[in-house]
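First the structure, in the form of structure tokens, and then the observations on it.
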Amino acid sequence: MPIAKLQNTSCSVSRSLAVLGERWTLLILRDALEGLTRFEEFRVSLDLAADVLSDRLSTLVEYGLMTRVSYQEPGRRARHEYHLTDAGRELHVIVGGLQLWGDTHLPWPGGPSTFRRSTRSGEPLRVAFVDQQGRAVPLDEVGTVHTNGYPSRRTPG
């Protein structure tokens, strides 16, 4: 399904994928969550063609996940840094979830390359569904309730 078509649906997963569904986008976000801000830093880290990186960064700025801020080093031309917005920082849960899933289901022989820990306690963290009292809910207790906005299922025939 073309990305533009994904944007015009009541399904929030489809709309999110219209912005985030390209793999380089999530890797740029991963690097931004680690503190990278400059175009060249992203390009070198990802070994990504400049035109692809420019396109992905423009999309992240357009949808409010990053802001573009000009800077200029002495004797050099003006350039841009890319800073995560609150919306971009909220994706840390998604990136962390992908990492944990990969560590579990596609493990690297040398073990995980990253651990997430609480900055207060140092305790390991994991991604979970959490109820309104702040308690983690086991996956087999997570239900889905569809609203009137849920996309109807097409039936063959």
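The values are calculated or read from the model by the stated rules, or taken from the named source; none is laboratory data. Fair warning: this is a prediction, and the values are worked out from it, not measured in the lab. Every residue, glycine as well, gets a Cβ built from its backbone with ideal geometry; the counts of neighbours run over all protein chains shown.
A compact table of results
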{"quantity": "Filtered residue count, region 77-86, keeping only those that are at pLDDT below 95 and assigned to a loop (DSSP other than H, G, I, E, B)", "calculated": "2"}
{"quantity": "Residue list for region 27-74, restricted to those being of a type outside the set (Gly, Ala, Ser), outside any helix (DSSP H, G or I) and more than 23 Å from residue 102 (Cβ to Cβ)", "calculated": "37, 38, 63, 66, 67, 68, 69, 71, 72, 73, 74"}
{"quantity": "Single condition residue 100 does not satisfy, out of (1) surrounded by fewer than 14 Cβ atoms within 10 Å (Cβ to Cβ); (2) of a type outside the set (Asp, Glu); (3) outside the structural domain of residue 36 (by TED's automatic domain parsing)", "calculated": "(1)"}
{"quantity": "Of all residues making up region 19-46, the number that are of a type in the set (Ser, Thr, Tyr) and crowded, with 17+ Cβ neighbours inside 10 Å", "calculated": "1"}
{"quantity": "In region 87-141, the residues that are among the aromatic types (Phe, Trp, Tyr) and in a helix (DSSP H, G or I)", "calculated": "101"}
